[in-house]
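Worksheet for the structure shown next.
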Amino acid sequence: MKAWLRWLRGAAMVLGPLFAFLTVLTPSPLHGVSQSAWQTLGLAVWMALWWFTECIPIPATALIPLVWMPLTGIMEEKATASRYADPIIFLFLGGFIIAQGMQESGLHQRIALWIIQRLGHTPKGLIGGFMLATAFISMWVNNTSTAMMMYAVSLPILQTLRQGVGGEEARGFNVVLMLGIAYASSIGGVGTLIGTAPNALLAGFLKENYGYTLTMLDWLWIGLPFVGLMLPFTWFWLTRGLGDHGGAFRELRVQWAETTTTPLSRAEKGVLTVFGLVVFGWLFRAKLAEWTGLPISDSTVAIAGALLLFVLPAGKGRAILDWRTAEQIPWGVLLLFGGGLALASAFESTGLAKAIGSSVEALGAVSPWVLTLGVATLVIFLTELTSNTAVTATFLPVVSAVAVGLGLDPRLLTIPTAVGASAAFMLPVATPPNAIVFASGEIRVHEMARAGLALNLYCIALTTLITLTLARWGLGF
């Protein structure tokens, strides 16, 4: 670890709790800010410092409210703990388990190879196939697992091109392929509500604090246009100037054809059936609830689908999933949701959100387009250096308070916060997918930064446009 990073983490380790303790020991110096709101601000600064520097694991920081809020009187223990069992957390839990079943059965790899085989006639087509497969899988499986799986699928290509083409030409293709996998993993995650943590954090935050329900179907107004416009532009930007490597690609297509023509296993059929039923349930949940009279939610559908994977057989004497496999899901993300929702709830209950809103009334003359553009820009470049989930959890209560203080719908600034947090394309440290492909040794930092800067700028404009047009029309704000 570099010396400056050790120093930064050491400073954050001390300054975070020190500031929080000062807010407990001193009266609020801010006009219109109550003592409990002052203490909540101290907690927010503490968690933000620890989240951004990762001086302790991010999920561990998310547990601080369970201790700090009851002890300082910000919120009672039962009320605080209830935020860690929000329905949106169980939506993500169900999605994680279903994704684990897809990985365990190998269905995700079959889907990827099927798409790649049909599009991989040329170098540009192959890159497009990889990106399309990666983005689709990342809509349902967390982007880190998706990037790792697609990187493994890409290894035969890297090796074949080195042997069949060689030189700088092969390296140029390999750089584009690696960047395409990383970027498509992040882009695809925005496509569904369970695709990446910031989406679910946004849904839970809006439901808990403003009573807005953001369903899987609602999210399609945001996610599908984003993926549909961001992915083709990324493909175009990365593949401009690629050459044709002929025979190397014909050899690879023969290998993939042999893989994808084998029949579906029993486990793959079971996972595919459950996956189809769950997606159907999410898309038609409102109609199903109306027809049956049952209180069906997206979380109910997700958990029901997850349970089926423990029941349906994969072979003699075993189910598709057992608990030893299922427990490999990223539990830390679920804790992070709880910590973020608890902090956001304290912003509202103590009046801190209202105080922040009142302090920005001078911005009332600023156009919503400028505000949305500013939030998207800030979040997109900040998340290059910090965890996207940490940025989202920290900024949601702040930007929503600003929006309400200006008489705007909180969704106007919270949507670009969540979407922008997934758009980190410039640095290897920005996202796990970026780090995974950088570790291949095919990419130099300046190559990723140069390609990623253009994508960041395009994403800022796209996020602003979608928020103020399609999202506004579809969600009615």
TODO: Mind listing whichever residues of region 49-85 are in contact with a helix residue (DSSP H, G or I) (Cβ under 8 Å, 6 or more places away or on another chain) and polar (S, T, N, Q)?
DONE: Thr53, Thr61, Thr72, Thr80
TODO: Return the total of residues in region 91-144 being of a type in the set (D, E, K, R) and at pLDDT 85 or above.
DONE: 2
Open item on the list: I'd like the residue in region 274-310 that is of a type in the set (Val, Ile, Thr) and without any contact (Cβ under 8 Å) to a residue 24 or more places away in the chain and, out of all such residues, is surrounded by the fewest Cβ atoms within 10 Å (Cβ to Cβ).
Closed with: Thr292
Open item on the list: Tell me yes or no: at least one residue of region 19-33 is of a type in the set (Val, Ile, Thr), crowded, with 19+ Cβ neighbours inside 10 Å and at negative phi.
Closed with: yes
Open item on the list: Scan region 410-419 and tell me whether some residue there is crowded, with 24+ Cβ neighbours inside 10 Å and among the small types (Gly, Ala, Ser).
Closed with: yes
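When residues of region 208-228 are filtered for being in a helix (DSSP H, G or I) and at pLDDT 90 or above, how many remain?
Summing the residues that are in a helix (DSSP H, G or I) and at pLDDT 90 or above in region 208-228 gives 12.
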Task: Residue count for region 199-220, restricted to those that are touching a residue at least 24 places away in the same chain (Cβ under 8 Å) and surrounded by fewer than 17 Cβ atoms within 10 Å (Cβ to Cβ) - done: 4
Open item on the list: Restricting to region 438-477, name every residue that is of a type in the set (Val, Ile, Thr) and farther than 25 Å from Leu224 by Cα.
Closed with: Ile443, Val445
TODO: Test Val398 against the criterion of being surrounded by fewer than 24 Cβ atoms within 10 Å (Cβ to Cβ), without any contact (Cβ under 8 Å) to a residue 40 or more places away in the chain and hydrophobic (A, V, I, L, M, F, W, C), and give yes or no.
DONE: no
Open item on the list: Cβ-Cβ distance below 6 Å, separation of 6 or more or different chains: which pairs start in region 311-336 with a residue that is outside the structural domain of Val274 (by TED's automatic domain parsing) and touching a residue at least 24 places away in the same chain (Cβ under 8 Å) and end on one that is assigned to a loop (DSSP other than H, G, I, E, B) and not acidic (Asp, Glu)?
Closed with: Leu335/Ala62; Leu336/Ala62
TODO: Could you please find all residues in region 1-18 being surrounded by fewer than 20 Cβ atoms within 10 Å (Cβ to Cβ) and of a type in the set (A, V, I, L, M, F, W, C)?
DONE: Met1, Ala3, Trp4, Leu5, Trp7, Leu8, Ala11, Met13, Val14, Leu15, Leu18
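Restrict the check to region 237-244 and report whether at least one residue is surrounded by 14 or more Cβ atoms within 10 Å (Cβ to Cβ), modelled with pLDDT under 90 and in contact with a Lys or Arg (Cβ under 8 Å, 6 or more places away or on another chain).
Going residue by residue through region 237-244, those that are surrounded by 14 or more Cβ atoms within 10 Å (Cβ to Cβ) are 237-239, 242.
Narrowing the set further to residues that are modelled with pLDDT under 90 leaves 242.
This time we only want the ones that are in contact with a Lys or Arg (Cβ under 8 Å, 6 or more places away or on another chain), so: 242.
Yes: region 237-244 contains one or more residues that are surrounded by 14 or more Cβ atoms within 10 Å (Cβ to Cβ), modelled with pLDDT under 90 and in contact with a Lys or Arg (Cβ under 8 Å, 6 or more places away or on another chain).
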Task: Residues located in region 356-376, provided they are buried (at least 19 other Cβ atoms within 10 Å of the Cβ) and either modelled with pLDDT of 85 or more or of a type in the set (D, E, K, R) (or both) - done: Leu371, Thr372, Leu373, Val375, Ala376
Task: helices (runs of 4 or more DSSP H) (entirely within region 50-90) containing at least 2 residues that are buried (at least 18 other Cβ atoms within 10 Å of the Cβ) - done: 58-61, 64-72
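The values are calculated or read from the model by the stated rules, or taken from the named source; none is laboratory data. Everything numeric in this text was worked out from a predicted model, so none of it was measured. Ideal geometry is used to build each Cβ from the backbone, glycine not excepted, and the neighbour counts take in all protein chains shown.
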